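Each value in this text was obtained by applying a stated rule to the coordinates, not by laboratory testing. Quick caveat, the model's predicted, so the values are computed rather than measured. Positions of Cβ are backbone-derived with ideal geometry, glycine not excepted, and every protein chain shown enters the neighbour counts.
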Amino acid sequence: MTEPAPSTGSGQALDQAVDEAARLIFAANYVVALVGAGLSVESDIPPFRGPGGLWTKYGEPDMRGYDRFLDDPKQWWEERISRTGSYQELVDALAQAKPNAGHLALKEMEDLGYLKHIITQNIDNLHQEAGSRAITEIHGNRTKLRCLGCGRRWPLDQFAIDELPPTCPDCGGIVKSDTVMFGEPIPRDALDECLLQTEMCDCMLLVGTSAVVYPAAGFPVDVKRNGGRLIEVNPNETPLTDMSDIVLRAPAGRSLPIVMSRLREMAGAR
Ligand code: APR
């Protein structure tokens, strides 16, 4: 069977694509959203790639960030506390960002049972602030700390930093930001949960991700290989566009609320 050409997102075609997306989500058993920085662009947090991206402006980061941390965790902490770290533009944007209509639509999809889990590459905590609950943060969370020894996590405001580098009260391991550094392995608990969610998923929403960073970019390929469907929500093409069953070629903050309103209509008509 030839795969239907992905629906595009221009004008009235977007309406049709949104209807198709809502029908697919309504009929699916286990919808998972794979989220990238694009979802938070409408919360004024710059993406990494493409127009206005941090890597576009400043170049790809040094992939040895984690190695440098391990070489001198005390210095890393001193730089962080004195806020002389890099990407101050991102730090400032993160500090004042609020969830946008796209985050809230995903939260409502979860509330009404249409969305089972969010795998997010974002560290901005905006899913939690929007009220979503079933979340795995494959790249960590900027508002948390994590022990490198036992993997225990704390909210920033529940860990007293009285030595540099801070150490874990349970195992004595070094404590760092929960945000996964470049070159740092994905924490095992988060990766295992992503693989489990991907295994159960029969419809994956690809929301605001350029799909170039692994292992996250591989999850949609696994869903497709397992016979699942893909819905891309992105104003731009990505390497996953051609394998997507439906493409909402529009900003997430605009298209996801319309999908959610179609789902409400369909639920009401049940
Ligand atoms: N709505 C939906 N998608 C959008 C929007 C929007 N309003 N604005 C931009 N996008 C899309 C872009 O077209 C792009 O495809 O969001 C995507 C952002 O891509 P990236 O900046 O590469 O972000 P992401 O895919 O999350 O990057 C993955 O790379 O550097 C690492 O750790 C970083 O988690 C990040 C990972």
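Checking the stretch 180-191 against the condition returns a match, with at least one residue being over 17 Å from V35 (Cα atoms), among the acidic types (D, E), in a helix (DSSP H, G or I) and without any contact (Cβ under 8 Å) to a residue 40 or more places away in the chain.
In this structure, is D62 out of contact with any strand residue (DSSP E or B) (no Cβ under 7 Å at 6 or more places or on another chain) and either surrounded by 21 or more Cβ atoms within 10 Å (Cβ to Cβ) or not in a helix (DSSP H, G or I) (or both)? Yes, satisfied. Of all residues in the stretch 202-213, those that are acidic (D, E) have Cβ atoms under 8 Å from Cβ atoms of residues that are assigned to a loop (DSSP other than H, G, I, E, B) and more than 6 Å from the ligand (Cβ to nearest atom), 6 or more apart or on another chain, in D202/A28; D202/N29; D202/Y30; D202/N226; D202/G227; D202/G228.
When T120, T136 are checked against the criterion of being surrounded by 21 or more Cβ atoms within 10 Å (Cβ to Cβ), in contact with a Ser or Thr (Cβ under 9 Å, 6 or more places away or on another chain) and not hydrophobic (A, V, I, L, M, F, W, C), T120 stands alone in meeting it.
If you take the residues in the stretch 192-209 that are more than 13 Å from the ligand (Cβ to nearest atom) and assigned to a loop (DSSP other than H, G, I, E, B), which one is surrounded by the most Cβ atoms within 10 Å (Cβ to Cβ)? So, considering only residues that are more than 13 Å from the ligand (Cβ to nearest atom) and assigned to a loop (DSSP other than H, G, I, E, B), the one surrounded by the most Cβ atoms within 10 Å (Cβ to Cβ) is C201.
So, in the stretch 210-239, of the ones that are within 17 Å of V31 (Cα to Cα) and in a loop (DSSP other than H, G, I, E, B), which residue ends up nearest to the ligand (Cβ to nearest atom)? Here the residue is G228.
Tallying residues that are closer than 18 Å to R64 by Cα and acidic (D, E) within the stretch 168-209 yields 2. Elements of the type helices (runs of 4 or more DSSP H) sitting completely within the stretch 73-159 and holding at least 3 residues that are out of contact with any His (no Cβ under 7 Å at 6 or more places or on another chain): these cover 73-81, 88-96, 101-111.
Once the stretch 69-117 is narrowed to residues that are under 25 Å from P235 (Cα atoms) and among the polar types (S, T, N, Q), the residue that is surrounded by the most Cβ atoms within 10 Å (Cβ to Cβ) is N100.
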